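Before any comments, here is the structure.
None of the figures in this text is laboratory data; all of them are computed from the coordinates on show. A quick note: this is a predicted structure, and the numbers were derived from the prediction, not measured. A quick note on method: Cβ atoms are made from the backbone with ideal geometry, for glycine too, and the neighbour counts reach across all protein chains shown.
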Amino acid sequence: MASPKPFPIIFGRAIVKYQVDYTFNMKLPILIFGTMATLFSACQSNKKADKTIDSASKAVVTSVKSTRECYTFVKDKDSAALSMDYSGTNVTGTLNYNLYEKDKNNGTIAGIIKGDTIIADYTFNAEGTKSVRQVAFLKKGNQLLEGFAEVEENNGKVIFKDPGSLKFESKYIVFKQVDCD
C-alpha cells in the first residue's frame, strides 16, 4: 500500500498540509454516497406517505358531496312535501304540510343524520306566527317514516321530551321518495 502523501487544505489565507490516508479517502465517498442514498429513499417514502394522505383526504371530500332527495306524502285529503340536501352528516331542506282541516305549514329544516335517523329543527309559519319544532324521520329503503313522541317547550322551541321514545310507524306519515323537480 502507498504511504500517505501530504494534502494541502486552504483555510482563509493559510495553507495547511495534511497527510491523508488513501484507504480512508476511498471509504469517505462510499460513506457519503450511502448516506445520500438513504436520505433520498427516506424522502421518497415521505412523498408516498404524503400521496396516501392526500388521496385519503380527497376520499373524505368525495364522500361529503352534497346530495338532494325529495319525498311526498299523500293520504286522502292530506299531503306533505319534503326536500333535503345532505352534506356529510348535516341535512337542510324544505318541509310543507297541507293537512285537511288544519293550517298549512311551510318551512325549512336543519339537522343531523345519525345512522338511518334524521333529527332536525323545523322552522315554519302557521297563522302568521313563526314556530320551531323538532321533527324526526327514519329512513327505510325509499321511504321516510315521520317519528312522533311526547314533546315539551324549551326556550320557545318544541322538542322531543325523550328522543329515545320516538315511534316510527306506518300508521303515521310515511314519505315516499320521488324525483326532485
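What the table shows:
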quantity: Reachable aspartates and glutamates, given that their alpha-carbon falls under 18 Å from the alpha-carbon of Lys130 and they are not under 8 places away in the same chain; calculated: Asp103, Asp121, Glu152, Glu153
quantity: Mean Cα-pair separation over length for the stretch 67-178, i.e. relative contact order, pairs under 8 Å, 6 or more apart, %; calculated: 20 percent
quantity: Extreme residue, positive dipole direction of the stretch 80-181, given options Gln177, Met84, Asn142 (C-beta unit charges); calculated: Asn142
quantity: Those residues of the stretch 114-141 whose amide nitrogen sits under 20 Å from the label point placed on Gln177, 7 Å along Cα→Cβ; calculated: 114-120, 136-141
quantity: FRET efficiency, Asp121 to Asn142 (Cβ-Cβ, R0 41 Å, nearest 0.05); calculated: 0.95
quantity: Extended-chain gain in nm, criterion 0.36 nm per residue less alpha-carbon gap, Asp78 and Glu169; calculated: 31.1 nm
quantity: Cβ-based exposure ranking for Thr67, Thr72, in which fewest neighbours within 10 Å come first; calculated: Thr67, Thr72
quantity: Amide H partners (placed H, <5 Å) of Ile173, local residues excluded; calculated: Glu146
quantity: Most to least packed among 140-153, 111-124 [average Cβ atoms within 10 Å]; calculated: 111-124, 140-153
quantity: Base-10 log of normalised Debye intensity for the stretch 67-178 (one unit scatterer per alpha-carbon) at q = 0.18, 0.21 Å⁻¹; calculated: -0.93, -1.31
quantity: Efficiency of FRET between Lys130 and Asn98 - r from beta-carbon atoms, R0 25 angstrom, step 0.05; calculated: 0.85
